[in-house]
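Structure first, then comments.
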């Protein structure tokens with residue numbers, strides 16, 4: 001029997017989208033509980049609701065019904081500022097399409113979540129350099145995304161997702177472009 005309090009719990013999460021006059025259900029009663037240190041993979045065919053579920057977990061979207069509790073907080077009760085803080089400090093995102101800023105260097109892209117978190121410039125530069133080194137891109141820190149291969153861009157996205165040491169890492173096909 002589990003005795004620790006889960007840091008993450010979803011109870012009967014549903015999500016439907018309106019298509020004309022009809023509601024199209026995408027998620028139907030998802031129950032999910034995670035304790036610190038656990039990890040899961042969400043698998044399914046295209047159109048099965050994986051991205052929708054990840055968007056709800058990442059506080060980018062809201063469920064139609066159900067309850068989502070993260071670190072004891074009911075997500076539905078949080079205002080926009082608190083949701084932004086949660087996304088910045090608690091959740092790391094690795095998007096399938098990288099979402100790198102094209103006019104920013106690799107190190108500047110990795111620094112971005114740290115800028116929003118208010119980390120001082122020297123400390124965020126050190127942290128971003130450390131993350132890029134961890135993914136093997138220490139020699140590409142000043143390169144722009146268009147100067148990097150798809151796999152290198154994906155590693156920049158991974159470094160950025162890890163830069164704030166998030167409690168949740170959401171990765172949508174994180175190895176699809178890795179070299």
* Selected residue (criterion: surrounded by the fewest Cβ atoms within 10 Å (Cβ to Cβ)) from residues of segment 84-95 that are in contact with a helix residue (DSSP H, G or I) (Cβ under 7 Å, 6 or more places away or on another chain) and not in a loop (DSSP other than H, G, I, E, B) -> 88
* Output the residues belonging to segment 100-110 that are touching a helix residue (DSSP H, G or I) at 6+ places or on another chain (Cβ under 7 Å) and more than 12 Å from residue 158 (Cβ to Cβ). => 101, 102, 107
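Let's see how each residue does on (1) crowded, with 18+ Cβ neighbours inside 10 Å; (2) in a helix (DSSP H, G or I); (3) modelled with pLDDT of 95 or more; (4) on the phi > 0 side of the Ramachandran plot:
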{"position": "97", "(1), (2), (3), (4)": "no, no, no, no"}
{"position": "100", "(1), (2), (3), (4)": "yes, no, no, no"}
{"position": "103", "(1), (2), (3), (4)": "no, no, yes, no"}
{"position": "109", "(1), (2), (3), (4)": "yes, yes, yes, no"}
{"position": "126", "(1), (2), (3), (4)": "no, yes, yes, no"}
{"position": "130", "(1), (2), (3), (4)": "no, yes, yes, no"}
{"position": "142", "(1), (2), (3), (4)": "no, no, yes, no"}
{"position": "151", "(1), (2), (3), (4)": "no, yes, no, no"}
{"position": "154", "(1), (2), (3), (4)": "yes, yes, no, no"}
* Asked: Hey, does segment 60-74 have a residue that's assigned to a strand (DSSP E or B) and surrounded by fewer than 10 Cβ atoms within 10 Å (Cβ to Cβ)?
  -> no
* Asked: Taking segment 7-39 as the search range and keeping residues that are in a loop (DSSP other than H, G, I, E, B) and in contact (Cβ under 8 Å) with a residue 40 or more places away in the chain, which one is nearest to residue 70 (Cα to Cα)?
  -> 7
* Search result, residues across segment 40-83 that are without any contact (Cβ under 8 Å) to a residue 24 or more places away in the chain, more than 18 Å from residue 169 (Cα to Cα) and in contact with a helix residue (DSSP H, G or I) (Cβ under 6 Å, 6 or more places away or on another chain) -> 44
* Tell me, please, whether a residue that is in contact with a helix residue (DSSP H, G or I) (Cβ under 9 Å, 6 or more places away or on another chain), part of a helix (DSSP H, G or I), at pLDDT 95 or above and buried (at least 18 other Cβ atoms within 10 Å of the Cβ) can be found in segment 161-179. => no
* **Of residues in segment 32-41 being under 12 Å from residue 10 (Cβ atoms) and either surrounded by 11 or more Cβ atoms within 10 Å (Cβ to Cβ) or outside the structural domain of residue 63 (by TED's automatic domain parsing) (or both), the one modelled with the lowest pLDDT** => 34
* To do: Consider residue 52 carefully, then state whether it is in contact with a strand residue (DSSP E or B) (Cβ under 9 Å, 6 or more places away or on another chain), in a helix (DSSP H, G or I) and surrounded by 14 or more Cβ atoms within 10 Å (Cβ to Cβ).
  => yes
* To do: Answer with yes or no whether residue 107 is over 26 Å from residue 36 (Cβ atoms) and in contact (Cβ under 8 Å) with a residue 24 or more places away in the chain.
  => yes
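The values are calculated or read from the model by the stated rules, or taken from the named source; none is laboratory data. Predicted model only: the values in this text are computed from it and were never measured. No Cβ is skipped: glycine too gets one built from the backbone with ideal geometry, and neighbour counts run over all protein chains shown.
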